[in-house]
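Novice: I have a structure here, written as structure tokens, and I will follow up with some questions on it.
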Amino acid sequence: MTNGESSVAPARRQDVLRDALIVGTITIACSAVSAYFELSEWLFVRTRPWEALQLDELPVTLVVLTLGLVWFSHRRHQSTRVELAAREQAETRLAEALAANRELAQRHLLAQEAEHKHLARELHDELGQYLNAIKLDAVAIRDQAHADREAVAAAAGIIASVDHVHGAVSDMIRRLRPVGLDELGLPAAIESCVDAWRQRAPGTRFTLELTGELEGLGETVDLTVYRLIQEALTNCQRHAAARRVEIALERRAAQGADELVLRVADDGRGMEPQAKRTGFGVSGMQERVAMLGGRFQLASEPGAGVTLEARLPLRRNAA
């Protein structure tokens, strides 16, 4: 028996004793009042004119009715206990299923990040190397074939194509793996991400505020924060039509608690309350935050923009 159960049991016994004392006191009081005023004799005199209706048998009938109601209440109590036990078992199984589902989702996210990291490395090392070799060969051909205009034009076309593919590959690498996250740390990676969005959306004003010690949080926390910002900015660009986006990341350490608070707010068109949790991006952010034992909140109203807030405990994730 746990400490909680041992403390609840005496309280239940006290409730039972108190209720029994109340019932006994009322019964004794009613008996004393009935004896004092001779209620049975008074009732007999009053009901004698209706002897044909057998009203003198009413007390026995009421006693039987009372016993029947007691039995009925006892049966309903037993039925309710059975239903509550079945509901508790169903809730336990549901909680276990949800926990298993969440664990699978978390494993999927970890495997996805590992695959992204591998693909980014392969694209950078293998494809990037061959693109550079092709460009160097094309530049050599262009510089040596001064008299052959067709060869120069073809070499220039190859160089332009290589530059285009290299830019596309670099963008893919940035989406697969944050630039500079492993080498430069989380603040630099976030600044690079926001700078990239400033170039993509020049009509939107991005403000970034980083507060507290944000180095050495661990790869999992760094990736989670970066992906949250990345997904939030992507949603702002695709759906919000916002003119201003504010990103604030703060590390708070007070009264023994150490947590990371991320807030992303825009002044876009907002969304309906029932649509807050239907998107895959939102559910993915929720899973990432839940994986670290954090809390995720999304507030929005039509025409009032969207505010995202995530709180990540750091002490648990420091190990």
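Novice: Using Cα springs under 10 Å in a Gaussian network model of the chain, which residue among Arg76, Arg18, Arg205 shows the largest mean-square fluctuation?
Specialist: Residue with maximal mean-square fluctuation among Arg76, Arg18, Arg205: Arg18.
Novice: Please work out how much accessible surface Phe206 shows to a 1.4 Å probe, ignoring ligands, DNA and RNA, in Å² rounded to 10.
Specialist: Rounded to the nearest 10, that gives 20 Å².
Novice: Can I ask one more? Using the alpha-carbon atoms, what tilt in degrees (0 to 90, nearest 10) does helix 58-122 show relative to the longest principal axis of the chain?
Specialist: Rounded to the nearest ten degrees, it is 10.
Novice: Please compute the contact order of the stretch 188-255 in relative form: average sequence separation of alpha-carbon pairs under 8 Å and at least six residues apart, divided by the residue count, as a percent.
Specialist: Numbers: 49 pairs, mean separation 33.5, N = 68.
Worked out over the stretch 188-255, it gives 49 percent.
Novice: On to the next question. Work out, step by step, the length gained on full extension between Ala290 and Ala201: first 0.36 nm times the residue separation, then minus their alpha carbon distance; give nm to one decimal. Mind showing how you got there, number by number?
Specialist: Working: separation 89, 0.36 × 89 = 32.04 nm, distance 3.06 nm.
So the chain would gain 29.0 nm between Ala290 and Ala201.
Novice: Hey, got the dipole for the chain? About the Cα centre, +1 on K and R Cβ, -1 on D and E Cβ, debye to the nearest 20? Don't jump to the answer; show the numbers that get you there.
Specialist: On the way: 38 positive and 44 negative charges, 117 e Å.
The dipole of the chain has a size of about 560 debye.
Novice: Let me ask something additional. How do Cys236, Cys30 stack up against each other in accessible area, from largest to smallest, with a 1.4 angstrom probe?
Specialist: Working: Cys236 15, Cys30 80 Å².
Largest accessible area first, the list is Cys30, Cys236.
Novice: Over the Cα atoms of the chain, each weighted equally, I'd like the Debye log10 I(q)/I(0) at q = 0.08, 0.09, 0.12, 0.14 Å⁻¹, rounded to two decimals.
Specialist: With one equal scatterer per Cα and no solvent, log10 I(q)/I(0) is -0.65, -0.73, -0.99, -1.18.
Novice: Who wins for biggest fluctuation among Arg149, Arg174, Arg13 in a Gaussian network model of the chain, springs between alpha carbons below 10 Å?
Specialist: Arg13
Novice: Roughly how many Å is it from the Cα centre of the stretch 61-78 to that of the stretch 101-161, as a whole number?
Specialist: 84 Å
Novice: Just add up the charged neighbours of Ala265: K/R +1, D/E -1, any other residue whose Cβ is under 12 Å from the Cβ of Ala265.
Specialist: Working: positive: Arg244, Arg263; negative: Glu209, Glu246, Asp266, Asp267, Glu309.
Here the charged neighbours net out to -3.
Novice: Keeping all protein chains in position, work out how much accessible area Met172 exposes to a 1.4 Å probe, and write it in Å² to the nearest 10.
Specialist: My reading of the accessible area for Met172 is about 80 Å².
Novice: Which shape class, rounded, prolate or oblate, goes with the stretch 123-199 when its Cα gyration tensor gives a ≥ b ≥ c as root eigenvalues, a/c under 1.5 marks rounded, and past that a/b bigger than b/c marks prolate?
Specialist: Working: a/c = 3.71, a/b = 2.68, b/c = 1.38.
Cα axes put the stretch 123-199 in the prolate bin.
Novice: Same structure again: Most mobile of Ala147, Ala160, Ala95 per a Gaussian network model of the chain (Cα springs, under 10 Å)?
Specialist: Judging by the Gaussian network model, the answer is Ala147.
Novice: Please list, by residue number, everything in the stretch 194-222 whose backbone N is under 20 Å from a paramagnetic label point 7 Å out along Cα→Cβ of Ala188.
Specialist: Within reach of a label on Ala188, which here means backbone N under 20 Å from a point 7 Å along Cα→Cβ, the stretch 194-222 contributes 194-198, 208-222.
Novice: May I pose another question? So how much accessible area does His77 have, in Å² to the nearest 10, using a 1.4 Å probe?
Specialist: Counting only protein heavy atoms, the figure is 100 Å².
The values are calculated or read from the model by the stated rules, or taken from the named source; none is laboratory data. Only a predicted model underlies this, so the values are computations on that prediction, with no experimental measurement involved. Cβ atoms come from the backbone with ideal geometry, glycine included; neighbour counts cover every protein chain shown. These accessible areas exclude ligands, DNA and RNA; they are computed on the full protein's heavy atoms, side chains included. Shrake-Rupley method; radii C 1.70, N 1.55, O 1.52, S 1.80 Å.
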